[in-house]
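Notes follow once the structure below has been shown.
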């Protein structure tokens, strides 16, 4: 290979990570035909095919696996270079691109991200935080091609994705159950049995929290009436505020939920715990703003929440 075309290499890298040309085209926002053409040129430059077909799937050839390892290293180094350049840019503020999983409570996300904004204001290197929201799968795809610097999630990155990224656990919280204040005062007297047959708003079935809640209901022989399922936690709270049903949220934001949505607390459980993660391309966090996010979350938000839960148990 006399001359390496890095655009061709990036298309190959995206297809190898996504598992298909169609999925890679969605991530890269270019047509499948364009990617197919560029892959053919790369095959010709290498002198042998980098993929073999297995039914409808593309499988890396022996040479493809070698090229992929180099490509993975090349684009990982490129991401680090981009971060360094962005962090040292003269003039305007550097940008920290943060992806937030749509099922994650927005009040939790705000309290996690806020320290990064404050760190930028208090330093000589201003930082502008740009937040985007989507499914974990889409955000991880954006992280893989360096459109994002960090992903905040209510579940860890799944195993087996072939993605060079790392989970950084921020903390966890038990759950509080909420209803409109008058309703909450009634249901509070016999919690958790009062949840049986009560109208309930729940996260969608593909969320880790939903699976825990279903198991908790089953253990307690509780059968709430499920009146709504939501991917977006803020939308679920809005329906709860309107009186459509009861809902659960992390205890660490209990006061904020009561104040913002004018709700009352029915009861709490530490048997169901929601965990939160920062997912980054780096095993060891280096970006000052990202370090501020993780440290404040662990030392303030979730540490205080744990102390609150322990006091309530006592």
In segment 145-160, what residues are under 16 Å from residue 282 (Cα atoms) and either part of a loop (DSSP other than H, G, I, E, B) or free of Cβ contacts under 8 Å to residues at least 24 places away in the same chain (or both)? 145, 146, 147, 148, 149, 156, 157
Keeping to segment 48-64, report how many residues are assigned to a helix (DSSP H, G or I) and either modelled with pLDDT under 85 or surrounded by 13 or more Cβ atoms within 10 Å (Cβ to Cβ) (or both). 2
Scope segment 229-254; condition in a helix (DSSP H, G or I) and over 21 Å from residue 136 (Cα atoms); matching residues: 238, 239, 240, 241, 251, 252, 253, 254
One residue is enough: does segment 211-228 have a residue meeting the conditions in a helix (DSSP H, G or I), within 30 Å of residue 141 (Cα to Cα) and under 16 Å from the mean Cα position of the chain (by Cα)? no
Considering segment 255-288 alone, what residues qualify as being at pLDDT below 75 and either exposed (fewer than 15 other Cβ atoms within 10 Å of the Cβ) or assigned to a helix (DSSP H, G or I) (or both)? 283, 284, 286, 288
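The values are calculated or read from the model by the stated rules, or taken from the named source; none is laboratory data. Keep in mind it's a predicted model, so treat the numbers as computed, not measured. Don't worry about glycine lacking a Cβ; one is built from the backbone with ideal geometry, like all the others, and counts go over all protein chains shown.
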